[in-house]
Amino acid sequence: MDRLFKLGFVSVLSLALLYPGAVLAAEIALVIGNRDYRDAPNAKSAEIDAREVAAALEDGGYDVTLGIDLDRNQMRRTLSSFARKIPSADRMVIYFSGHAIRSDGTTYLAPVDQQNSSLVRVMMDGVPLDLVLRLAQDRKRVV
């Protein structure tokens with residue numbers, strides 16, 4: 001099982017994508033800090049880091065969607081809610097602090113209830129990093 005699933009700590013995974021915008025640009029941010037994992041070591045500074053990043057972005061005029069210690073269903077709802085804002089955004093920041101899992105070349109952002117007992121659990125519980133990157137890159141196709 002150790003070969004299939006490598007649990008790694010992502011202290012700061014941050015994507016900042018700037019889109020050229022109008023004078024009154026719509027600036028949005030998604031900030032997630034998962035600290036309190038049920039079946040993995042806690043990511044001790046994840047919540048603090050996420051809250052500080054969210055505050056700085058809010059001070060900078062961003063509409064921030066903040067999630068702390070999200071389970072898999074909460075992560076999906078939060079991503080879906082954020083995705084609905086993307087088509088009207090001129091600037092976007094996505095920030096994740098917490099654990100990530102890498103299996104066979106795919107990276108998954110881990111919710112706090114992530115299970116690593118099988119490939120099915122890893123793939124069904126985690127949020128593929130590719131999904132987050134696609135949201136950031138493909139604004140017009142997001143529904």
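The values are calculated or read from the model by the stated rules, or taken from the named source; none is laboratory data. Predicted model, so just to flag it, every value in this text is computed and none were measured. Neighbour counts run over all protein chains shown; Cβ positions are idealised from the backbone, glycine included. These accessible areas exclude ligands, DNA and RNA; they are computed on the full protein's heavy atoms, side chains included. Shrake-Rupley method; radii C 1.70, N 1.55, O 1.52, S 1.80 Å.
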Practice prompt. Tell me which residues come under 5 Å, amide H to amide H, from I32 once H is placed; ignore anything under 5 positions away on its chain.
Written response: G67, Y95, F96, S97
Worksheet entry | Length gained when the stretch T106-E58 is fully extended (0.36 nm per residue, less Cα-Cα span) | 14.1 nm
Fill in: Sites N73 and L119, calculated FRET efficiency, Cβ-Cβ separation with R0 22 Å, nearest 0.05
0.60
Worksheet entry | Per residue, in Å², the accessible surface of segment 45-128 once ligands and nucleic acids are set aside, probe 1.4 Å | 44
